[in-house]
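Reading through the structure tokens given below for one structure.
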Amino acid sequence: MIDRAGLAAFLRNRREALQPEDIGLRRGPRRRTSGLRREEVAARCNMSTDYYARLEQERGTHPSEQMIAAIAQGLHLSLDERDHLFRLAGHSPPSRGALSEHVSPGLARIFDRLHDTPAEIVTELGETLRQTPLGIALTGDATRHTGPARSLGYRWFTDPAARALYEPADHEFLGRMFASGLREAVTRRGPDSRAARYCELLLACSEEFRRVWGAQEVGIRPKEVKRYVHPSIGALELHCQTLLDPDQHHFLLVYTATPGTESYEKLQLLSVLGADAPTG
């Protein structure tokens with residue numbers, strides 16, 4: 001059963017503890033609210049301010065698991081805090097580890113400061129959990145995919161459109177890299193894992209995947225420089241820096257261009273075009 005009083009008190013406490021700077025907001029000179037405003041939390045959780053306010057006031061409908069997960073992420077809760085929130089709302093906490101989609105507070109704090117940089121948080125299977133606005137302008141909204149197609153490695157072998165943004169000369173290497181990464185994930189997670197299920201699906205539907213899988217390659221790592229062919233601004237060469245959360249097996253990928261280069265100028269243009277830039 002939902003503990004409305006406990007849920008309301010916990011939400012208020014965590015909201016008041018989270019500061020604007022923690023989520024990349026500037027603190028205005030007239031700000032008097034302790035912590036974040038309700039409307040700021042609601043916006044981060046993709047819900048109405050009225051709905052969130054009702055939860056803090058011990059009113060409203062029983063929140064779904066999806067709503068609680070969104071609130072936990074929006075409030076930068078740790079895994080223990082997230083699990084506590086789920087129990088207060090009358091739900092069983094989600095799984096942890098490789099299957100978890102809850103971004104850790106530390107990784108989230110870094111991500112929230114990358115307003116002017118293409119960046120994304122992905123799982124070990126290449127499933128995008130979060131993207132910055134410039135990341136969406138670069139590659140499109142990768143969070144819109146569902147099922148196995150959430151994995152870029154899976155889309156690479158099943159959807160020709162997934163390759164359109166990448167330099168054609170790199171396609172063979174990228175296919176080998178995705179197969180190598182999936183092989184390591186299957187070995188690490190076991191035959192009953194999501195990685196193993198993706199592998200079975202690809203073996204059944206992709207001749208190319210069967211070929212590269214048969215090569216038994218492991219240890220093929222991404223190149224530091226990624227080459228894109230963007231439909232609006234053309235060729236781009238971007239450096240990719242990676243930060244790993246070992247507990248959740250999530251990766252923060254940050255893409256930058258060398259100042260003074262043509263790619264740098266194009267990235268500045270893309271920041272102006274923003275979401276209006278077509279990505280194929």
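The values are calculated or read from the model by the stated rules, or taken from the named source; none is laboratory data. Because the structure is a prediction, the values reported are computed rather than measured. All Cβ positions, even for glycine, are placed from backbone atoms using ideal geometry, and neighbour counts span all protein chains on display.
Can you tell me which of Ala162, Ala179 is among the small types (Gly, Ala, Ser), closer than 24 Å to Leu252 by Cβ and in contact with a Lys or Arg (Cβ under 7 Å, 6 or more places away or on another chain)? Within the list Ala162, Ala179, the selection yields Ala162.
The listed residues are Glu208, Glu265, and the only one of them that is without any contact (Cβ under 8 Å) to a residue 24 or more places away in the chain, acidic (Asp, Glu) and more than 29 Å from Ala108 (Cβ to Cβ) turns out to be Glu265. State whether one or more residues within the stretch 213-231 are closer than 30 Å to Leu270 by Cβ and among the acidic types (Asp, Glu). Checked against the condition, which is being closer than 30 Å to Leu270 by Cβ and among the acidic types (Asp, Glu), the stretch 213-231 yields at least one hit.
Exactly one residue among Pro168, Pro160, Pro148 is in the same structural domain as Gln248 (by TED's automatic domain parsing) and at pLDDT below 95, and that residue is Pro160.
Applying the condition of being touching a helix residue (DSSP H, G or I) at 6+ places or on another chain (Cβ under 8 Å) and crowded, with 17+ Cβ neighbours inside 10 Å to the stretch 167-185 and asking which residue is nearest to Arg227 (Cα to Cα) yields Leu174. Which residues, counting only those in the stretch 174-200, are part of a helix (DSSP H, G or I), over 18 Å from Lys223 (Cα atoms) and hydroxyl-bearing (Ser, Thr, Tyr)? Of everything in the stretch 174-200, those that are part of a helix (DSSP H, G or I), over 18 Å from Lys223 (Cα atoms) and hydroxyl-bearing (Ser, Thr, Tyr) turn out to be Thr187, Tyr198. Does Leu114 qualify as being outside any helix (DSSP H, G or I) and either farther than 30 Å from Tyr255 by Cα or of a type in the set (A, V, I, L, M) (or both)? Taking the combined requirement at face value, the residue satisfies it.
I'd like the residue in the stretch 257-280 that is farther than 11 Å from Leu134 by Cα and in contact with a Ser or Thr (Cβ under 7 Å, 6 or more places away or on another chain) and, out of all such residues, is modelled with the lowest pLDDT. Selected residue: Pro278. Inspect all residues belonging to the stretch 145-161 and state whether any of them is surrounded by fewer than 19 Cβ atoms within 10 Å (Cβ to Cβ), more than 24 Å from Ala195 (Cα to Cα) and touching a residue at least 24 places away in the same chain (Cβ under 8 Å). No: the stretch 145-161 contains no residue that is surrounded by fewer than 19 Cβ atoms within 10 Å (Cβ to Cβ), more than 24 Å from Ala195 (Cα to Cα) and touching a residue at least 24 places away in the same chain (Cβ under 8 Å). Evaluating Leu129 against the criteria (1) in contact with a Lys or Arg (Cβ under 6 Å, 6 or more places away or on another chain); (2) assigned by TED's automatic domain parsing to the domain that holds Ser271 leaves one unmet condition, (1). Within the stretch 14-29, the set of residues being part of a loop (DSSP other than H, G, I, E, B) and surrounded by fewer than 17 Cβ atoms within 10 Å (Cβ to Cβ) comprises Gln19, Gly24, Leu25, Arg26, Arg27, Gly28, Pro29.
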